[in-house]
Each structure stands twice: as structure tokens, then as C-alpha cells.
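Down below is the structure, laid out as C-alpha cells.
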Amino acid sequence: MRRTSTAFRRSRESIIPFTPQRVLAVSGMVLVAAIWATSFIGVRYLVKELGPFTLAGLRYSLGAVFLLPWGKRELGRRFPRALWRKLFLIGICQYTIANGFLFWSLKRLPAAAGALGSCLSSVPVLILSSVFLRERPNALQTIGLGAVVGGSLYFFTGGFAECDPKALGSLGTAALAFSVLPVLGRELARGRMLGSISLTALPLAIGGGLALAAGLAIEGVPHLSPIDWGIIVGLAAINTSLAYFLFNWALRELYALEANVIANLSPIGTAILAKTTLGEHLAPGELGSLLAIVIGASLTQLRGGGGDRGK
């Protein structure tokens, strides 16, 4: 009994208390999740009018353009080739592949399936950050991730019923590609290798430009209404420029897993918004799964004292 209580006391003492910087970073990520909760709604509307790669290209290219006035001095620096390779990898994986394939799958999958696929990207982030960043989660963070994944599986149960296998494959590809930004972005932000504006704008320009070129070549030139353009501009300015800047800024303080888990609460917010706006009530099981997700996400923020080996 004494050994158990001693181990528990040591576990509590090993948890790093929240510093003002971490509180700001976590608050910023919560805001990011809230902003991205509205993205699915806009994207679900636009994929009916636009090809997935054209949509991704317009959104992310415009997002990069909106950041240019804020980072002229920072973006004018010369970066080494190794850094450019990482920026290209982030841009291609996050904005060309991940979002292009996600938008394509959303044309063929129910919203619940798309949301669950996004939530599950925390699993490859855990593996990659443990291997490449040496940011290994402690026991409480591992339990928290399990609660988030389990709660998401229950909340979106039935989302994969009778789904197109090709669409599921596309969603799986997107989930894997989404794991690159948190890991490489954390490495670059943690080492202060470049500012948050550069870390946001340059991959956006690279990935968005490639997606737009592919979309125009494959899907043709779109014909958009003023409403369509209004939604695209809103997604580019708020859900892309602002949200991705906050995400990359928060990676200076938060581990890749910590930031990714909070960000992936956004589909839960989308589901709640959809239900409440339609006047539907959450079932007891759904409320229980949401509680598990919130508790799990909180546990992933309790970082152990030995976890800063990658700094």
C-alpha cells in the first residue's frame, strides 16, 4: 500500500505545472479547435460546387496571401536548403495531400466518418513524435489519448457503415498526411528556426499552389457565385491564416501530441453545432463519450517532468 501511494505521489510531483506560456498556448489551441469546428460546414457546402483540390488550392493560396503583409521582413530572410525541404514536406502533406484527399472523401462519406478520420490522426502523431522528436507521453497522457480515441469512436459510431472503400482509403491517407505538420512544425517551432508567420505562410503557399495547379488541370476552371467566394475568403482568412498561425505559434510550447489532440476536438464541435442548430438533443451515450473526450484531452496536457528530452 505504501509503495502504491509513494508511486502515485511521485507521479503527481513529476507533472510539470502550467506556466503562463503553456496556458496561453493551450488557450490558443482551444480557439483553433473552435474555429476549425466551423470549417466542416463551409467545406461540406463548397465540395458540392468545387473539386476538392481546387477548393484546397483556393483556400490555402489565399490564406498565404493574407499573411504576406504581416511578415514581409520575416519572409524576406534566406533559409537553408534543409529547412526548405521540411517546409515543402509540410506544405505538400498538409495542404495538398491531406486536405485534398479529405475534401474528396467528404463528397462520398457521411460527415461523421470524415470527422472520425480527422480525430484518429493523433495516433500517427503519437508514433512519429515519439520516434523523431523523442517526445514520449507519460502514463496519464497515454490514457488521455485512449479516452479521446475511444470517445470519438463511440460518438461517431455507425459513421463507416456501408461506406465506399475508396473513400475510406482516401480518408486514411488524409489522416496519415495530417500527422506531418504537428511533428515537423513542432521541431521547427521548438528550435525557433523561423517565425510563426513564415512557418505558416510558406507551407501554405507551397501546398496551396500545388493543389490549385492540380485542381485546375484535373477539375477545370470553377464557376463560383458571390456566396461561394464569400465562404472561400472567410475560410482562407479566419480558418486558415489565423487558425494555422495560432497552431504553429502554440507548437513553441506544446508537444505535437498535445496540440494535435486539442485541434482534433474540432469535429466534435462541428457535430454539436449541427445537432443544436437542427434542434436535436444529444443522447446519454453521446454525452458520456463527449465527457470522456474532454477528460482525455485534459489528461494529454499533463506533461511529465522527464518529457523535455527533445528540447
(message) Criterion first (in contact (Cβ under 8 Å) with a residue 60 or more places away in the chain, closer than 19 Å to ILE97 by Cα and hydroxyl-bearing (Ser, Thr, Tyr)) does TYR255 satisfy it?
(response) no
(message) Can you list residue pairs whose Cβ atoms sit under 7 Å apart, with the first residue in region 74-101 being closer than 30 Å to SER118 by Cα and among the polar types (S, T, N, Q) and the second being at pLDDT 85 or above and not in a helix (DSSP H, G or I)? Count only pairs 6 or more apart in sequence or on different chains.
(response) GLN94/PHE178
(message) I'm told PHE88 meets every condition in (1) at pLDDT below 95; (2) more than 28 Å from LEU273 (Cα to Cα); (3) among the aromatic types (Phe, Trp, Tyr) except one. Can you identify the failing condition by its number?
(response) (1)
(request) Kindly list, by first and then second residue, each pair from a residue in region 165-180 that is under 10 Å from SER105 (Cβ atoms) and acidic (Asp, Glu) to a residue that is modelled with pLDDT under 80 and in a loop (DSSP other than H, G, I, E, B), limited to pairs with Cβ atoms under 6 Å and residues at least 6 apart or on different chains. (result) none
(request) Restricting attention to region 173-226, report how many residues are surrounded by fewer than 23 Cβ atoms within 10 Å (Cβ to Cβ) and outside any helix (DSSP H, G or I). (result) 11
(message) So for region 60-82 (the condition being polar (S, T, N, Q), crowded, with 24+ Cβ neighbours inside 10 Å and either in a helix (DSSP H, G or I) or at pLDDT below 85 (or both)), does at least one residue qualify?
(response) no
(message) Take LEU153 and tell me if it is touching a residue at least 40 places away in the same chain (Cβ under 8 Å) and of a type outside the set (Lys, Arg).
(response) no
(message) Looking at ARG108, ARG134 in this structure, which one is charged (D, E, K, R) and at positive phi?
(response) ARG134
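The values are calculated or read from the model by the stated rules, or taken from the named source; none is laboratory data. Source: prediction; values computed, not measured. For neighbour counting, all protein chains shown are included, and Cβ atoms are generated from backbone atoms with ideal geometry for every residue, glycine included.
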